[in-house]
Every structure is written in structure tokens, then in C-alpha cells.
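Report on one structure; see the data block that follows.
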């Protein structure tokens, strides 16, 4: 049985993931590779970065030293392939969270930015997705969609 803290992180990360998918849903297919202001990340790159963050979070929790390497967007040519990458990486993260014990929360991990605890790391994917969900919502407004999409 997963511990309360891991369950809370999983629940909030699932909610952030749902909002991320909603934001992505309301960006037209022909705008998934649109570059705001000519130099920002595209919606496809943002979504794939979130998939990478899910994977990286799981690796850190397991004590692996990950390398930050978002996938090549060309390898995910459709919206469906991007969503599948997000869902698969999230499932891997959740299986890692489900296996945690309360004792492991205090364990230290070496991350690319320094030392952290497992208890701190379990929230990383949540915060990362919330940040990028806001970016996708802002891109929607830049594209003329000013509606609030709650699903």
C-alpha cells in the first residue's frame, strides 16, 4: 500500500497532467509546432519536456542519475504520439511512487542540481507540469482562444 505522502503527490500530479492535456487539446494540430515570438518552445516541445520530467522524477526517486534529454519532437509527429509519451512516462512515475515506503521519503538523492530528499522529489513532476500548463494556456491566448477550458 503506498504511503499517504506519495498518494497525495500522485493525486496532484494526475490533476496537473489532466490540465496539461486539456491545454494541449485546445491548441490546433497545425499550431503544435508554432514558435511564440520566434524563439520560445513549441507546444509539442513543452508537452514532451513534461514527459521527460515524469521520467526524470521516477529515476531520481529510484536513485538513478538521469540526464536531462527531452526527446526529438520529430519522433512524435502526431498529437496522439505526444499524449502517449506523456501517459507512458506518467505511468512509470506512478509505479515508482506506488512502491515507496515512508522510510524512503527521508533518503537523500543526488540530482543534477544538488542533493534532495525523496520526499521533496515526489513533488517535482507536479510543479513542473503546473508551470508548463500555464505556458500552454498562455499560448492559447496568443492564438486567440481566450476561453477558460475546464474539463
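Coordinate-derived values only; no laboratory data. Here the structure is a predicted model, which is why all the values come from computation and not from measurement. With ideal geometry, Cβ positions are generated from the backbone for all residues, glycine too; neighbour counts draw on all protein chains shown.
Computed from Cα positions, the angle between helix 79-98 and the longest principal axis of the chain comes to roughly 10 degrees.
Dividing the summed helix terms, -39500 (n - 2.57) for each DSSP H run of n ≥ 4, by the number of residues in the chain produces a 222 nm estimate of -18500 deg cm²/dmol to the nearest 500.
Between the range 71-91 and the range 1-66, the alpha-carbon centres lie 10 Å apart. Packing order of peptides 99-105, 80-86, 109-115, 51-57, highest average first: 51-57, 80-86, 99-105, 109-115 (average count of other Cβ atoms within 10 Å over each peptide's residues).
Over all pairs of different C-alpha atoms in the chain, the reciprocal of the mean inverse distance, the Kirkwood hydrodynamic radius, equals 16.0 Å. Residues of the range 22-53 falling in the label zone of residue 81, defined by backbone nitrogen less than 14 Å from a point 7 Å along Cα to beta-carbon, are 33, 44-45, 48. Here the gap between residue 74 and residue 107, fully extended at 0.36 nm per residue and compared with their Cα-Cα distance, gives a gain of 8.1 nm.
In nm², what is the average projected area of the convex hull enclosing the Cα atoms of the range 81-151? It would help to have the intermediate numbers written out before the result.
On the way: hull surface 27.3 nm².
With the hull built on Cα positions only, its mean projection is 6.8 nm².
Against the main long axis of the alpha-carbon atoms of the chain, helix 124-142 sits at an angle near 10°. Taking 0.36 nm per residue of sequence separation and removing the Cα-Cα distance, the residue 142/residue 5 pair yields an extension gain of 45.6 nm.
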